[in-house]
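Notes follow the structure.
The values are calculated or read from the model by the stated rules, or taken from the named source; none is laboratory data. These numbers come from a predicted model, not from an experiment. FYI the Cβ positions are ideal-geometry reconstructions off the backbone, even for glycines, and counts take in every protein chain you see. For accessibility, only protein heavy atoms count, side chains too; no ligands or nucleic acids. Shrake-Rupley method; radii C 1.70, N 1.55, O 1.52, S 1.80 Å.
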Amino acid sequence: MKTDIAITPEIIAKHGVTPEEYERIQSILGREPNITELGIFSVMWSEHCSYKNSRPELKKFPRDADFILVKAGEENAGIVDVGDGWAIAFKIESHNHPSAVEPFQGAATGVGGIIRDIFTMGARPVLNMNSLRFGPIEGKSAQAATNRRLFAGVVAGIAHYGNCIGIPTVGGEVYFDESYNGNPLVNALSLGIIRHDQIKRGKAEGVGNPVIYVGSATGRDGLAGAAFASRELTEESQQDRPAVQVGDPFMEKLLLEACLEVMRKDGLVVGIQDMGAAGLTCSTCETASRAGTGNEIDLNLVPQREAGMTPYEIMLSESQERMLLIANKGREKEVEAIFEKWDLHGVTIGKVTGDGQMRVKVGAKTVAEIPAKKLADDAPIYHREAKQPAWEIENQKFDPRTLPEPKDYQQTLIELLKSPTIASKNWVYRQYDHMVQDGTVVAPGSDAAVIRVNLDRPDLGFRGTGSKYIAFTTDCNGTYCYLDPYEGGKTAVAEAYRNLVCSGAQPLAVTDNLNFGNPHKPENFWQFRRSVEGVSEACRYFNTPVTGGNVSLYNESPVAAIDPTPTIGMLGLIDDPKHITTQWFKGAGDVVLLLGELGGELGGSEYLKRIHKLKKGAPPKMDMAYAKRIHDGILHFIRQGRVKSAHDCSEGGIAVALAECCMSNSEVQIGATIDLPVSAAALFGESQSRIVLSASPANAEKILASGLPVTKLGTTGGDKLRIGKLAWPVATLRDAWWSAIGRLMES
């Protein structure tokens, strides 16, 4: 690429910069930008980096609590106090568009990027999760084949990166729906442990301090990836293959260890920032902006793995496994020696300045000079029009009670268990190493993952005793959000909370990944706004503040936008390991109870989608006061030692929940005899705030006398699930549920 390209309206438009934004750039610079400066503005002012369409809505989230040490928007990841001087850093982020174009590398580099967001804070990553969405994988159509290819590639990419770097992938979720045809969602999450006094910030403080480039060399992969993620997927944009980065997990493992080592040396590191979206551009201007300083770098000093790279390419490259580090002046050699020991580049490429400018030079020549704070923090903010979609109003009028009852309830349950959205995800998680680091207590397959974090951490420069038990889950039902984004947003938070308390954890805080369509379309922005309002209200009510996350807009194929998908990742803490609870029945002779009302809401249910091919109706209502009673109740019962198993009722209703309680333990499956009305609403309705639990007869009597809405459903035992006059061999149910996805993917 030439460095002296004339800036024409066509060039400006190709960079995704509007005429009004271009005028703003001219005003900031006091002149015309050159091509490198235009490229820098285009990525930093993209939605992916600036949140220019979403920021006014994000202000609605609750962010404050006594236990929040690093708040949303302050740094690369939020940090939560978990007691005894320890803290948890965690965050979720999307890699949707790259995964649609190149599923293996798109997903792999999504994992690598989120891991860097954690260890750039000084934390040791100890847990990975993911939340995935694909189009339907059943059938012989070309679209189904494409969806299977994307699904297989994404799972392989996640497994490759996580397994190679040695961080356990302990859970997540996968949904399938036509709205994700052509635009899968790949949301990657990572969590790390850190001492309070070890937290590092991404600030370029101290005029004269050296700016040091560390990690892998810069190539042309990932050019303008942030801008690529900020437009719709079309035939043309999907050909933009250079926007997909290539990851090397073994290089990242070296980078992780080197960064943690250099950060443990007193007085070496002043600030550190991942080179993620927008690469060297983002890390340079954001570190300066946060500190109120400037940065000056020389691109001749930047390690490069390709010849003839232009300033534009170097600044916008999103090559992986790179960090920017600000060290104390005079100690550059110590930093460089540590990275040399780990066989990584550690090169001083510039210095911190006091003039507030992001100055990029090639030797003595200045090729870009932009006020850092204006670039990082002064992107235009848009207040988009929101309009309730006509289809939303019409869909909510549909009454599922007008549909005929199933002709065969027994086969209906089997069909629901075979639905890829409900079926066991063992085909996915058996590809993940979820036992590495030897801390996984509850592996994938229950309501929430649980890990044990050893507090004797010489790797973090601290010798201690004991352990912390961390629970984590991800949740969101996109169908609910499509039918009613406000109720769907509330429900996503409430279900995540319910999954954690069913595991015995006290929920603490949230990270979210807001996946939506083109915000310029009023119907899409309505979905975004109302979902955010639902999530905000629920987080505020349940006292689970949002610590950060990611906004991913423009998720549209040429056919339509995805269902609104505000994915919720929620952190919980378990005080005593004896409180850890799983979803499967533990033995014969226990009493099966339902905590919560039976309900029977079928709107937006998997039953309607799977059996009647309808995505209609009003989704289940979320009464948060009622939900809190249920949440507090199950956690109280667990802490009193009265509960043997606890399982959230969600997709597929109480019949699916009961079947999962019978069969989801890989070692032992146990039947149950249940007394329930036999109707579609009673068996397959998805009313919220319901938990199936089991307890000894003596403890069941105490739970029934608690004053909470609790119903005795039956008892465990035998090799069949019996509901009224219906009966299913547990082995038959398990075969349908356990093998469904594998049969589709391996046929």
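Computed values, structure above
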{"read-out": "Restricting the range 451-493 to residues that are under 14 Å from G572 (Cα atoms) and among the hydroxyl-bearing types (S, T, Y), the residue that is most open to solvent (accessible area, probe 1.4 Å)", "value": "Y469"}
{"read-out": "Number of the exception - I193 against (1) outside any helix (DSSP H, G or I); (2) of a type in the set (V, I, T); (3) in contact with a Ser or Thr (Cβ under 9 Å, 6 or more places away or on another chain); (4) within 23 Å of K91 (Cβ to Cβ)", "value": "(3)"}
{"read-out": "Residues located in the range 177-189, provided they are outside any loop (DSSP other than H, G, I, E, B) and either under 18 Å from A443 (Cα atoms) or touching a residue at least 60 places away in the same chain (Cβ under 8 Å) (or both)", "value": "S179, Y180, L185, V186, N187, A188, L189"}
{"read-out": "Single residue of G182, G208 found to be modelled with pLDDT under 95, over 16 Å from the mean Cα position of the chain (by Cα) and open to solvent by 10 Å² or more (accessible area, probe 1.4 Å)", "value": "G182"}
{"read-out": "Those residues of the range 314-335 which are among the acidic types (D, E) and surrounded by fewer than 23 Cβ atoms within 10 Å (Cβ to Cβ), in sequence order", "value": "E332, E334"}
{"read-out": "Complete set of residues in the range 196-217 that are of a type in the set (S, T, Y) and assigned to a loop (DSSP other than H, G, I, E, B)", "value": "S216"}
{"read-out": "Sole residue being modelled with pLDDT of 95 or more, under 25 Å from T544 (Cα atoms), of a type in the set (F, W, Y) and not in a loop (DSSP other than H, G, I, E, B), chosen from F90, F61", "value": "F90"}
{"read-out": "Subset of the range 139-161 (residues that are open to solvent by less than 50 Å² (accessible area, probe 1.4 Å) and in contact (Cβ under 8 Å) with a residue 60 or more places away in the chain)", "value": "F151, A152, V155, A156, I158, A159, Y161"}
{"read-out": "F41, sole failed condition from (1) free of Cβ contacts under 8 Å to residues at least 24 places away in the same chain; (2) open to solvent by less than 20 Å² (accessible area, probe 1.4 Å)", "value": "(1)"}
{"read-out": "Which listed residue is open to solvent by 40 Å² or more (accessible area, probe 1.4 Å), within 22 Å of L704 (Cβ to Cβ) and either modelled with pLDDT under 95 or within 27 Å of the chain's Cα centre (by Cα) (or both), from K628, K621, K644, K615", "value": "K628"}
{"read-out": "Odd one out for E252, checked against (1) assigned to a helix (DSSP H, G or I); (2) modelled with pLDDT under 95; (3) of a type outside the set (V, I, T)", "value": "(2)"}
{"read-out": "Residues that are within 21 Å of Y626 (Cα to Cα), assigned to a loop (DSSP other than H, G, I, E, B) and in contact with a Gly (Cβ under 7 Å, 6 or more places away or on another chain), drawn from the range 676-702", "value": "G685, E686, S687, S689, R690"}
{"read-out": "Residue list for the range 700-728, restricted to those being open to solvent by less than 40 Å² (accessible area, probe 1.4 Å) and polar (S, T, N, Q)", "value": "T716"}
{"read-out": "Top-ranked residue of the range 80-93 - restricted to ones that are within 10 Å of the chain's Cα centre (by Cα) and open to solvent by 10 Å² or more (accessible area, probe 1.4 Å), ranked as farthest from V510 (Cα to Cα)", "value": "E93"}
{"read-out": "Qualifying residue in the range 504-515 (condition: assigned to a helix (DSSP H, G or I), of a type outside the set (A, V, I, L, M, F, W, C) and open to solvent by 10 Å² or more (accessible area, probe 1.4 Å))", "value": "no"}
{"read-out": "Any hit, the range 369-379, residues being touching a Phe, Trp or Tyr at 6+ places or on another chain (Cβ under 6 Å) and not in a strand (DSSP E or B)", "value": "yes"}
{"read-out": "Boolean, I338 is part of a helix (DSSP H, G or I), in contact (Cβ under 8 Å) with a residue 40 or more places away in the chain, of a type in the set (A, V, I, L, M, F, W, C) and in contact with an Asp or Glu (Cβ under 7 Å, 6 or more places away or on another chain)", "value": "yes"}
{"read-out": "Condition met for E21 (open to solvent by less than 20 Å² (accessible area, probe 1.4 Å), out of contact with any Lys or Arg (no Cβ under 6 Å at 6 or more places or on another chain), touching a residue at least 12 places away in the same chain (Cβ under 8 Å) and farther than 30 Å from I272 by Cβ)", "value": "yes"}
{"read-out": "Pair list, Cβ < 6 Å and 6+ apart or interchain, from the range 377-388 residues that are within 13 Å of N524 (Cα to Cα) and among the aliphatic types (A, V, I, L, M) to residues that are modelled with pLDDT of 95 or more and not in a loop (DSSP other than H, G, I, E, B)", "value": "A386/P522; A386/F525; A386/W526; A386/R529"}
{"read-out": "Hits in the range 647-677 (condition: closer than 17 Å to I414 by Cα, open to solvent by less than 20 Å² (accessible area, probe 1.4 Å), within 28 Å of the chain's Cα centre (by Cα) and of a type outside the set (A, V, I, L, M, F, W, C))", "value": "G652, G653, S664"}
{"read-out": "Some residue of the range 156-176 being over 24 Å from G276 (Cα atoms) and outside any strand (DSSP E or B)", "value": "no"}
{"read-out": "Residue within the range 349-357 that is open to solvent by 60 Å² or more (accessible area, probe 1.4 Å), part of a strand (DSSP E or B) and either touching a strand residue (DSSP E or B) at 6+ places or on another chain (Cβ under 9 Å) or among the polar types (S, T, N, Q) (or both) present", "value": "yes"}
{"read-out": "Candidates A538, A561 - the one that is within 26 Å of V70 (Cα to Cα), touching a residue at least 12 places away in the same chain (Cβ under 8 Å) and among the small types (G, A, S)", "value": "A538"}
{"read-out": "Some residue of the range 117-137 being under 23 Å from A448 (Cα atoms), open to solvent by less than 10 Å² (accessible area, probe 1.4 Å) and of a type in the set (K, R)", "value": "yes"}
{"read-out": "Options A655, A680, A659: the member that is among the aliphatic types (A, V, I, L, M) and touching an Asp or Glu at 6+ places or on another chain (Cβ under 6 Å)", "value": "A680"}
